[in-house]
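Everything below concerns the one structure shown next.
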Amino acid sequence: MPHPLHTFKDSLLESRLFLGRSITAMIIAGLLIAALIARLAWLQVVAHEHFRTLSEDNRVKLQPIPPNRGLIYDRNGILLAENLPSFRLEIVPEQVHDMETTLAELGALVEIRDFDRERFHKIRTRMSRFEGVPLRFHLSDEEVARFAVNRHLFPGVDIRAGLSRNYPLGRHSAHAIGYVGRINEDDLTVIDTVNYRGTTHIGKVGVEKTYEDLLHGRVGHQQVETNAQGRILRVLSRQPPHAGSSLYLSLDARLQQATEAAFGDFNGSAVAIDPRSGEVLALVSLPGYDPNPFVNGIDYKDYKALNDDPDQPLFNRALRGQYPPGSTIKPFVALAGLEIGVTSTHTRTYCPGFYRLPGNDRKYRDWKRTGHGMVDLRTAIVESCDVYFYDLARSLGIDRLHDYLAPFGFGDRTGIDILGEQPGILPSSAWKRATKNAPWFPGETLISGIGQGFNLATPLQLAVATATLASYGEFHPPRVVHAIRTPDGTFAPQPAPPVRHIPIQQREHWDQVLAAMIEVVHGARGTARRIGTGIDYQIGGKTGTAQVFGLKQEEEYDAETIAEKLRDHALFIAYAPAHEPHIAVAVVVENGGSGGAVGAPIARQILDRYFEDNPL
Amino acid sequence: MIAEINPGSGTRRSWLQRFHLDGMLLLALLATCAFGLVVLYSATGESQTMMQRQLLRLALAFGAMIVIAQVPPQLLYRWTPWLFGAGVALLAAVLMVGDIGKGAQRWLDLGFVRFQPSEMMKLAMPMMLAWYFADVRLPPGARRLLVAAVLLVIPILLIMRQPDLGTALLIGCAGFFVLFLAGLYWRLLFGLAAAGAACAPILWYFMHDYQRQRVITFLDPEQDPLGAGYHIIQSKIAIGSGGLYGKGWLNGTQSQLEFLPERSTDFIFAVLGEEFGLIGILLLLAVYSVIILRSVYISTQAQDTFTRLLGGSLALTFGVYALVNTGMVTGLLPVVGVPLPLISYGGTSMVTLMIGFGILMSIHTHRKLLTT
């Protein structure tokens, strides 16, 4: 070691200096170690329970197990809504560093359309970064295999097996049973979020929505041990979910399809009801649409096409289509006249082809320009004489007419177990004052008597009113679900809502109106006589024509020259068998022209089909 | 007459003495490394390949230690200025042509080997300052201290520019300990501490965003529990949930289920705390204490200023390593990238540390005794 002579080093002094400093350093180090041990003692002894709990919370997670949704069957056990196993591709955004690159690379393995991306980003904003966000639904087997091979290249991306709602009948059942869709913000405000933990879909329209509580079931839970990536390592405990109940509808899928077929190319609606119970046998609105694309979110372009279609396939005409009932209202007006006592079966009125209110020049025309001559109530119904009903309506007055027709279900929602029905309009002077702030004019009473003017009714209302009339005033609120099967297999009939009875003054009055309706079909001069042949049961019916636009005083109605969109709607109400009705039908054919020529044959086909499947 | 120390008789020299090794230090180091391997096996998720690599590194590190122990301190003394000069030059080179890894410019690619000059400086710094004070009267005068300060600050600034705050801190400590052991006046020491506190806002201004974030996170880890605060929160949960006796080897849920990040490197102490509890930690701290105390003892027995100051600095720097890592993992200090010495997975710092112990052994076994 160098010891240069020019320095004055004192080895002993330096040695002691070093020793002193070393001891100082050791004391400081000792204090620091003591502080560290104090810290450790606090962490591991004093706060041990706290950290042990946190560590358990890290490791053990409570996971919801969504219940399987109940199925929907028709009255004969044909499946209308089922749950199909399907594979979806999910991404946990938290674990993906470069989302755009990942999406681009995934696009090489599975088909990802722009729409899928948009939906993915939309759903993503509603979920936490640690949850799997679906990118694609219904992966094909080939896509599943292709991804599985490359899965290690995509951290945070995985395939999930699940059940997806499917409607096997597609467009044939959409308006009746509706569909489910992904839960959105609006849904979140009304549902029990605890019970819907883990559930992704909810009934949006139709029976799926009305019976959501029954169909959904109750959520289950499992305690699982997960690692930091959220991957489940083992299940610690499990409380299974309660599956939703299955619904048996009163609808008859075969009748439903036969009804649709009977319409041919026409748009419109038909509703068939069992007058004995109010059970809806068929509920058709045409055109229909396929509900399946709505389940996982429909492509915006497809939705726009449906929405902008002038035929309005998404519009449920059976419940929401409000049409002028036209002449189909005449049997009810006739009954009102008889029961209230302003007319009798012997009262005769002369029909010159038009009607005039006293002191007024305005002519209220009959559909038959030459007139019907002397008509009584029976003839007026059978031949659908307008003048007779102008006169009868005037005798009744609008308010008495309103009060008598209201119990048949006109002007108010029928209370069917499908949400969204429209109430129609049954006008009265009070109604006009309240809604239009205007007095009632006598002329308006006349056209109300033939179902025009302010009168509007849905096909469902027409069918219910027909059933009520045919069953001598028994008003059964209509319904589509007639039984429920709980997950353990027990059947429970859905309790029928209470029946309302319309008071009968004289049963004979009803007999006479119903007899006239039979003659509409089976009589030689009946407006629907063309369907009365080649038949082994009796039908009671009434034709109707609803004006789409008003004719001027002297204008001729010529179906051939009028654009199809402006042509009259053809209506027909019917029930059969005439003396012990099992089925009541209302048919509205949009722009069909004549109720007798177009509406009645469709009703006949529905009835034929019904009696073929349900022989008397 | 001067002869080498030879406690036993000349003919019965043990193999420890023949290879210039210190028995107690070697035993403590082996015990620490063995314990470290046990913990690492669990922390790596029982990875065979990682264990093999770590064993290879340990073998390399112990080999380096044994080689250095054979080099007499006089030789080290002679190399010191060259080593330090080369270190500064390489640090400068790293800033100009170095490779960037993990966001910082630390590596120098020499074609056949990637090399981190800041590691070399961990040894070169205390050697240089000890060399500088070797032939002066202690405590050093103002002029000497000024030069020493310049020698200390230049490499530190270069390393901070990379940026590598953790290493800069450790090298600063190594240099400071030489000054401290050389008898730096207490009032100067307190003056510097006061000046340092006053300069803290300026330091804050020069910090990188991620460094500032670390300080913020240290002060309040709960403000971003899933981001910057995640490491320290999970680490505290791991240690705290371990309790007195721990959850048992391979049974730590925080580490085995991967909630604890960096569990085989910087945060391996949390794995130890979770699986072996307070008992296991105290055991490690005890072995560490043996290593530090033995090293300090060796330094006090050194016969000249250079070896004394160098040995003392190496001993205390090791202590800083251990305290900074454990302090950081337990949430007492901000998160700086300092591994747990001799235990964390990783090579470079392990080799540097073991070379340091090689120097200490060399100091102890090359002492000369004046014979009567």
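Where residues in segment A:212-258 are of a type in the set (A, V, I, L, M, F, W, C) and part of a strand (DSSP E or B), which of them is farthest from the other protein chains (Cβ to nearest Cβ)? Step through it out loud before you land on a result.
The initial filter retains those residues of segment A:212-258 that are of a type in the set (A, V, I, L, M, F, W, C), namely A:214-215, A:219, A:224, A:228, A:232-233, A:235-236, A:243, A:247, A:249, A:251, A:253, A:255, A:258.
Now restrict to residues that are part of a strand (DSSP E or B): A:224, A:232-233, A:235-236, A:247, A:249.
Working: A:V224: 12, A:I232: 11, A:L233: 7, A:V235: 15, A:L236: 12, A:L247: 44, A:L249: 49 Å.
If we take residues in segment A:212-258 being of a type in the set (A, V, I, L, M, F, W, C) and part of a strand (DSSP E or B), then A:L249 is farthest from the other protein chains (Cβ to nearest Cβ).
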Filter pass, A:R479 being assigned by TED's automatic domain parsing to the domain that holds A:I573, under 31 Å from the mean Cα position of the chain (by Cα) and of a type in the set (D, E, K, R): yes
Could you name every one of the helices (runs of 4 or more DSSP H) located completely within segment A:76-156 that has at least 3 residues being not assigned by TED's automatic domain parsing to the domain that holds A:N184? none
Taking the stated definitions as given, is A:A261 of a type outside the set (S, T, N, Q) and out of contact with any Gly (no Cβ under 9 Å at 6 or more places or on another chain)? yes
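Specify the residue that is farthest from the other protein chains (Cβ to nearest Cβ); the eligible residues are those in segment B:231-254 that are within 20 Å of B:L283 (Cα to Cα) and not in a loop (DSSP other than H, G, I, E, B).
In this case the residue turns out to be B:S235.
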Per-region count, segment A:314-340, residues surrounded by fewer than 24 Cβ atoms within 10 Å (Cβ to Cβ), in contact (Cβ under 8 Å) with a residue 60 or more places away in the chain and more than 20 Å from A:T543 (Cα to Cα): 4
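Can you find even one residue in segment B:151-164 that is within 14 Å of chain A (Cβ to nearest Cβ), surrounded by fewer than 21 Cβ atoms within 10 Å (Cβ to Cβ) and among the basic types (K, R)?
There is no residue in segment B:151-164 that is within 14 Å of chain A (Cβ to nearest Cβ), surrounded by fewer than 21 Cβ atoms within 10 Å (Cβ to Cβ) and among the basic types (K, R).
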B:I268 being hydrophobic (A, V, I, L, M, F, W, C), closer than 21 Å to B:D164 by Cα and either touching a residue at least 60 places away in the same chain (Cβ under 8 Å) or surrounded by 22 or more Cβ atoms within 10 Å (Cβ to Cβ) (or both): yes
Would you confirm, using the coordinates I've provided, whether A:P601 is at pLDDT 90 or above and assigned to a loop (DSSP other than H, G, I, E, B)? no
Please give the number of the condition B:L184 fails out of (1) assigned to a helix (DSSP H, G or I); (2) within 25 Å of the chain's Cα centre (by Cα). (1)
Among the residues of segment A:502-529, the number that are of a type outside the set (S, T, N, Q) and either within 29 Å of the chain's Cα centre (by Cα) or part of a loop (DSSP other than H, G, I, E, B) (or both) is 8
Verdict on A:R126 being in contact with an Asp or Glu (Cβ under 6 Å, 6 or more places away or on another chain) and within 23 Å of A:H201 (Cβ to Cβ): no
Name the residue that is surrounded by the fewest Cβ atoms within 10 Å (Cβ to Cβ), counting only residues in segment B:352-362 that are of a type in the set (A, V, I, L, M) and closer than 16 Å to B:Q70 by Cα. B:I355
Flagged in segment A:582-598 as within 15 Å of A:I531 (Cβ to Cβ) and outside any strand (DSSP E or B), in numbering order, are A:G592, A:S594, A:G595, A:G596, A:A597, A:V598
Segment B:177-188 residues that are at positive phi and at the interface with chain A (Cβ under 10 Å from one of its Cβ atoms), paired with ones that are modelled with pLDDT of 90 or more and surrounded by 19 or more Cβ atoms within 10 Å (Cβ to Cβ) (beta carbon under 9 Å, 6 or more apart): B:G183/A:F18; B:G183/A:R21
I'm trying to understand the selection: among the residues of segment B:238-290, which are of a type in the set (V, I, T) and over 19 Å from B:Q54 (Cα atoms)? B:I239, B:T253, B:I279, B:I281, B:V287, B:V290
Evaluate segment A:75-82: report whether one residue or more is of a type in the set (V, I, T), more than 30 Å from A:L215 (Cα to Cα), away from every other protein chain (no Cβ under 14 Å) and surrounded by 14 or more Cβ atoms within 10 Å (Cβ to Cβ). no
Hits in segment A:170-180 (condition: at pLDDT below 90 and under 27 Å from A:V144 (Cα atoms)): A:G170
Note on segment B:287-312: residues within 8 Å of chain A (Cβ to nearest Cβ), in contact (Cβ under 8 Å) with a residue 40 or more places away in the chain and surrounded by fewer than 21 Cβ atoms within 10 Å (Cβ to Cβ) are B:Q303
Does A:R218 fit the bill of being out of contact with any Phe, Trp or Tyr (no Cβ under 6 Å at 6 or more places or on another chain), at pLDDT 90 or above, of a type in the set (K, R) and within 30 Å of A:R126 (Cβ to Cβ)? yes
Would you check which residues across segment A:77-108 are free of Cβ contacts under 8 Å to residues at least 60 places away in the same chain, more than 10 Å from A:V157 (Cβ to Cβ) and either touching an Asp or Glu at 6+ places or on another chain (Cβ under 9 Å) or of a type in the set (V, I, T) (or both) and list them? A:T101
Quick check on A:T468: is it crowded, with 21+ Cβ neighbours inside 10 Å, over 27 Å from the mean Cα position of the chain (by Cα) and outside any loop (DSSP other than H, G, I, E, B)? no
Exactly one of (1) at pLDDT 85 or above; (2) more than 19 Å from the chain's Cα centre (by Cα) is unmet by A:R231. Its number? (1)
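Kindly evaluate B:P126 against the criterion of being under 20 Å from the mean Cα position of the chain (by Cα) and modelled with pLDDT under 80. I'd like the intermediate steps shown before the answer.
On the way: under 20 Å from the mean Cα position of the chain (by Cα): yes; modelled with pLDDT under 80: no.
So B:P126 fails the test.
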Which listed residue is of a type in the set (G, A, S) and closer than 22 Å to A:D57 by Cβ, from B:A270, B:A302: B:A270
Return a yes/no flag: does segment B:334-352 have any residue that is under 26 Å from B:N251 (Cβ atoms), in contact with a helix residue (DSSP H, G or I) (Cβ under 9 Å, 6 or more places away or on another chain), within 13 Å of another protein chain (Cβ to nearest Cβ) and touching a residue at least 60 places away in the same chain (Cβ under 8 Å). yes
When you scan segment A:266-308, how many residues do you find that are at pLDDT 90 or above and part of a loop (DSSP other than H, G, I, E, B)? 12
Can you pull out the residues in segment A:418-464 that are buried (at least 18 other Cβ atoms within 10 Å of the Cβ), farther than 28 Å from A:Y355 by Cα and not β-branched (V, I, T)? A:E421, A:P459, A:L460, A:Q461, A:A463
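The values are calculated or read from the model by the stated rules, or taken from the named source; none is laboratory data. Computed from a prediction, not measured in an experiment: that's the story for all the values here. Quick reminder, even Gly has a Cβ in these numbers, built from the backbone with ideal geometry, and neighbours come from all protein chains shown.
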